[in-house]
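A.B. asks: To start, I am sharing the structure in question, which I have written as structure tokens.
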């Protein structure tokens, strides 16, 4: 039976990146890469959770297209996304003879996607890379738009580069091997797309969230495709995040600080962003931009998907002082103020250039928790 392949074009400088969305697409990885890179050695970066399930078919596809796949398997988790790991990847690139005509392939979730993209961006001043995202989070966010990077102890994604992949294959069948917590984690980015970019996603998220989380589901490719298209529309007008693209950071200012405040690992990215979205929505309502009912709707959508809406829902309590220090190191800070993404309505985000970090601290921690 032929299954539909959804193709989204995402601007990438003078060219565009083809994002393929649908079930059973991993077998086309080699064919897609061969459009851009000559046959030869390629470095496949993956992690210990993904490799047993998806590395063998990925390597078979690459080898069928004439590539020699050499794999590096990293420890899973956000704590791996650092410069020490990048140095390990550089050593592997050198060892395997990956030159300017070769490529890196990122097979995994957001951490692997960010790491492999950053290694490709900086090896020999930039070589090609192919993204094979295997989590909801990576399929709708990390693999789309060309942002790559690593964390420092002091803050998330403080070191990075814009370097678009030559292609993305979002095989939705790979999501079936995810633990339930990771599925919920990725849905936070679809909620972000719905509230910041495309309110048309909300009915599906609200109708039967339990069914969505019980993969596989017929709605999943449609949701992934629609979230990617929403992001692509924003990226098209602002490839390097100089202006409108910043709305994609809805919930991420507080979310990244929460990840830093808990030491990267105990709180997943989507969990932190979920709490950050509620905090930003509350500030939006306090400023008279957003109806209070919309804040309640955001909370309800997140709760329906099993995502946290308060600090008390998180698996680890973030230290308040560490949270504030992380805000002060945020990439989007200018002159002591934050560029905070707020909402005027579901699907319509705006950027407040004058946000006070202490305002975000108080909203996030005020009264003990967000309730």
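A.B. asks: Would you pick out the residues in region 133-161 that are surrounded by fewer than 23 Cβ atoms within 10 Å (Cβ to Cβ), touching a strand residue (DSSP E or B) at 6+ places or on another chain (Cβ under 8 Å) and not in a strand (DSSP E or B)?
C.D. replies: 146
A.B. asks: Right, another one. Assess whether residue 229 counts as being part of a helix (DSSP H, G or I), in contact with a strand residue (DSSP E or B) (Cβ under 7 Å, 6 or more places away or on another chain) and buried (at least 18 other Cβ atoms within 10 Å of the Cβ).
C.D. replies: Spelling it out, residue 229 is indeed part of a helix (DSSP H, G or I), in contact with a strand residue (DSSP E or B) (Cβ under 7 Å, 6 or more places away or on another chain) and buried (at least 18 other Cβ atoms within 10 Å of the Cβ).
A.B. asks: Any idea which residue in region 312-323 is farthest from residue 205 (Cα to Cα), counting only those that are free of Cβ contacts under 8 Å to residues at least 60 places away in the same chain and in a helix (DSSP H, G or I)?
C.D. replies: Once the filter is applied, the top-ranked residue is 321.
A.B. asks: Quick one: is residue 39 in a strand (DSSP E or B) and either without any contact (Cβ under 8 Å) to a residue 40 or more places away in the chain or out of contact with any strand residue (DSSP E or B) (no Cβ under 7 Å at 6 or more places or on another chain) (or both)?
C.D. replies: So residue 39 fails the test.
A.B. asks: Considering only region 78-98, state which residues are surrounded by 16 or more Cβ atoms within 10 Å (Cβ to Cβ) and modelled with pLDDT under 95.
C.D. replies: Within region 78-98, 78 is the sole residue that qualifies.
A.B. asks: What tally of residues in region 325-362 results from selecting those that are closer than 26 Å to residue 230 by Cβ and at pLDDT 85 or above?
C.D. replies: Result for region 325-362: 18.
A.B. asks: Now a separate question. Out of region 278-294, which residues are in contact with a strand residue (DSSP E or B) (Cβ under 9 Å, 6 or more places away or on another chain), touching a residue at least 12 places away in the same chain (Cβ under 8 Å) and part of a helix (DSSP H, G or I)?
C.D. replies: Selection gives 280, 281, 283, 284, 294.
A.B. asks: I would also like to ask the following. Of (1) closer than 21 Å to residue 173 by Cα; (2) modelled with pLDDT under 95; (3) assigned by TED's automatic domain parsing to the domain that holds residue 101, residue 16 satisfies all except one. Which?
C.D. replies: Tallying (1) closer than 21 Å to residue 173 by Cα; (2) modelled with pLDDT under 95; (3) assigned by TED's automatic domain parsing to the domain that holds residue 101, residue 16 fails exactly one: (1).
A.B. asks: In addition: Considering only residues that are over 13 Å from residue 317 (Cα atoms), at pLDDT below 90 and in contact with a helix residue (DSSP H, G or I) (Cβ under 6 Å, 6 or more places away or on another chain), which ones fall in region 245-277?
C.D. replies: 245
A.B. asks: Let me ask something else. Take residue 300 and tell me if it is crowded, with 24+ Cβ neighbours inside 10 Å and outside any loop (DSSP other than H, G, I, E, B).
C.D. replies: No; evaluated as a whole, the condition is false for this residue.
So that you can scan it fast, the table gives a plain yes or no per residue for (1) crowded, with 20+ Cβ neighbours inside 10 Å; (2) touching a strand residue (DSSP E or B) at 6+ places or on another chain (Cβ under 6 Å); (3) without any contact (Cβ under 8 Å) to a residue 12 or more places away in the chain; (4) outside any helix (DSSP H, G or I):
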position	(1), (2), (3), (4)
186	yes, no, no, no
191	yes, no, no, no
203	no, no, yes, no
206	no, no, no, no
211	no, no, yes, no
217	no, no, yes, yes
220	yes, no, no, no
223	yes, no, no, no
233	no, no, no, no
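A.B. asks: Let me ask something additional. Looking at 27, 16, can you tell me which residue is in contact with a strand residue (DSSP E or B) (Cβ under 9 Å, 6 or more places away or on another chain), over 23 Å from residue 220 (Cα atoms) and surrounded by fewer than 18 Cβ atoms within 10 Å (Cβ to Cβ)?
C.D. replies: The match here is 16.
A.B. asks: Next question, about the same structure. Can you name the residue in region 50-62 that is touching a strand residue (DSSP E or B) at 6+ places or on another chain (Cβ under 8 Å) and in contact (Cβ under 8 Å) with a residue 60 or more places away in the chain and is also nearest to residue 167 (Cα to Cα) among such residues?
C.D. replies: 58
A.B. asks: Can you go through 309, 361, 350, 267 and tell me which one is under 16 Å from residue 196 (Cβ atoms) and either assigned to a loop (DSSP other than H, G, I, E, B) or not assigned by TED's automatic domain parsing to the domain that holds residue 136 (or both)?
C.D. replies: Matching residue, one of 309, 361, 350, 267: 350.
A.B. asks: Separate question: Name the residue, out of 161, 121, that is under 23 Å from residue 94 (Cα atoms) and in contact with a helix residue (DSSP H, G or I) (Cβ under 9 Å, 6 or more places away or on another chain).
C.D. replies: Result: 161 is the single residue among 161, 121 that is under 23 Å from residue 94 (Cα atoms) and in contact with a helix residue (DSSP H, G or I) (Cβ under 9 Å, 6 or more places away or on another chain).
The values are calculated or read from the model by the stated rules, or taken from the named source; none is laboratory data. Please read all numbers here as calculations on a predicted model, not as lab measurements. Using ideal geometry, Cβ is built from the backbone for each residue, glycine included, and neighbour counts are taken over all protein chains shown.
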